[in-house]
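Colleague: Below is a structure I'd like to ask you about.
The values are calculated or read from the model by the stated rules, or taken from the named source; none is laboratory data. Not measured: the values here are computed from a predicted model. Virtual Cβ from ideal backbone geometry, glycine too; neighbours counted across all protein chains shown. Note: accessible area is taken over every heavy atom of the protein model, side chains too, but ligands, DNA and RNA are not part of it. Shrake-Rupley method; radii C 1.70, N 1.55, O 1.52, S 1.80 Å.
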Amino acid sequence: MDRRAFLSLLGTEERNIAEKAIDDGASHALVSSCPVLYYGTLPCHGLLLSSLGADTRETGRELYISALEAALSGVEIISYASGKGQLSVLCGAEDGEGRIHLIPADGLRRFLSSSRDRMRRVLLTGGSVIFPSISGRDPSLAISLSFALSDAALVSLGNGFGRYVSSMLDEGKDAALLRSSLSSRDGRRLALEGCPVVDSFSMCFSDARAIVHPHPEGRFSFLSECFDALRLC
C-alpha cells in the first residue's frame, strides 16, 4: 500500500503522527485489515506467546521457558505488550537467539517515549515492533492483531480473554494454555472444553526441537534459576 492510500485510512490526529513517524523511518502496511506502523520486519508466521492476565513469578517462568524452547526450535514469537511487554518472553527469545515481534497496546508516541530500550532489544533479534494504535491506547485492537498474525497461540489467560482463544480454535488454529491459566475462570472453562493445558511450548507443539529443564550449571538463567536445553534433533 502506498503512503497516500495508507494515510487516507487514518483520522487527522493519527495521520499527523503517522506522517512524522514515516518520515523518521517507520514502515507502514495494512495487516489483517488494520493499518499499522512498524519498525523491523513483519512476521510471515509465528507463535503467539504472552500473558493476558496477572503477571506472577510462576507466569514469568512459564513464559521464559516456552520462549527459549520456541526460539531454539526456530519458531518466531509474537507477543502482545500491555506496557513494555513481558521481559520473560524477550529474555527467552534473546537467550535462544530467536526472533520476537512485539505488538504494544500503547500508541506509537507513548511507547517510543517510554520504551525505546525495549524496542531496540526486540529489533536486535531481527523481529519487529508493530503499532495497530497510532495515537491512543487500544488493548483490544493489539490483542486481536496478535491473534490474527499468529499461526498458533500459547498464553497465560486471565478472565475476559477466553473469547480470543475460542475464536482461534474455531478458525482451526492450534492453541494451548499455560498451567497458570487455571487460576482464571476463563482458563478453567477452556480446559474443560478440551483446550490443552501445558507447562511449556515443548509439551504441546509438534515443531518443538528443544526441551528446557532446570540445571544447576545450565547455560541459561532467569529469575535466579539456571536452565539447560535438550536438543531433540
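Colleague: Take region 1-124, drop everything but the C-alpha atoms, weight them equally and run the Debye formula without solvent; then report log10 I(q)/I(0) at 0.12, 0.20, 0.23 Å⁻¹ to two decimals.
Modeller: -0.48, -1.12, -1.34
Colleague: Projecting each Cα onto the charge dipole of the chain (Lys/Arg +1, Asp/Glu -1 at the beta carbon, about the Cα centre), which of Gly60, Gly11, Gly218 comes out farthest on the positive side?
Modeller: Gly11
Colleague: So, one more: On each of the three principal axes of the Cα atoms of the chain, give max minus min coordinate, whole Å, ordered largest first.
Modeller: Principal extents (largest minus smallest coordinate, Cα): 53, 38, 30 Å.
Colleague: What whole-number value in cubic angstrom gives the convex hull volume per residue for the C-alpha atoms of region 77-168? Don't jump to the answer; show the numbers that get you there.
Modeller: Working: hull volume 8.3 nm³, N = 92.
So the per-residue Cα hull volume is 91 Å³.
Colleague: Probe radius 1.4 Å, ligands and nucleic acids left out: which of Leu141, Leu230 has the largest accessible area, and how do the rest follow?
Modeller: On the way: Leu141 60, Leu230 95 Å².
So, going from the largest accessible area down, we get Leu230, Leu141.
Colleague: What residues of region 114-154 lie in the reach of a label at Thr41, counting those whose backbone N is under 11 Å from a point 7 Å from the Cα along Cα→Cβ?
Modeller: 125-128
Colleague: Ok, one more. Under a GNM of the chain (C-alpha, springs under 10 Å), which listed residue has the highest mean-square fluctuation: Arg57, Arg118, Arg209?
Modeller: Of the options given, Arg57 has the highest mean-square fluctuation.
Colleague: Semi-axes of region 136-207's equivalent ellipsoid from the Cα gyration tensor, sqrt of 5 times each eigenvalue, largest first, rounded to whole Å?
Modeller: Values: eigenvalues 71, 46, 25 Å².
After diagonalising the Cα gyration tensor, the semi-axes are 19, 15, 11 Å.
Colleague: Rounded to the nearest 10 Å², what accessible area does Lys84 show when all protein chains are kept and the probe is 1.4 Å?
Modeller: Its heavy atoms expose roughly 100 Å² to the probe.
Colleague: On to the next question. Keeping every protein chain in place, order Ser180, Ser206 by accessible area at 1.4 Å, biggest value first, i.e. largest first. Numbers along the way, then the final one.
Modeller: Details: Ser180 15, Ser206 110 Å².
Largest accessible area first, the list is Ser206, Ser180.
Colleague: Quote to one decimal, in nm, the extra length available between Ser167 and Ala29 on full extension: 0.36 nm per residue of separation minus the C-alpha distance between them. Show your work: numbers first, answer last.
Modeller: Working: separation 138, 0.36 × 138 = 49.68 nm, distance 2.41 nm.
The Ser167-Ala29 span can extend by a further 47.3 nm.
Colleague: A further question on this structure: How much space per residue, in cubic angstrom, does the convex hull of the C-alpha atoms of region 66-125 take up?
Modeller: Dividing the Cα hull volume of region 66-125 by its residue count gives 63 Å³.
Colleague: Compute the separation of the alpha-carbon centres of region 74-117 and region 1-67 and state it in Å as a whole number.
Modeller: Centre-to-centre (Cα) distance: 10 Å.
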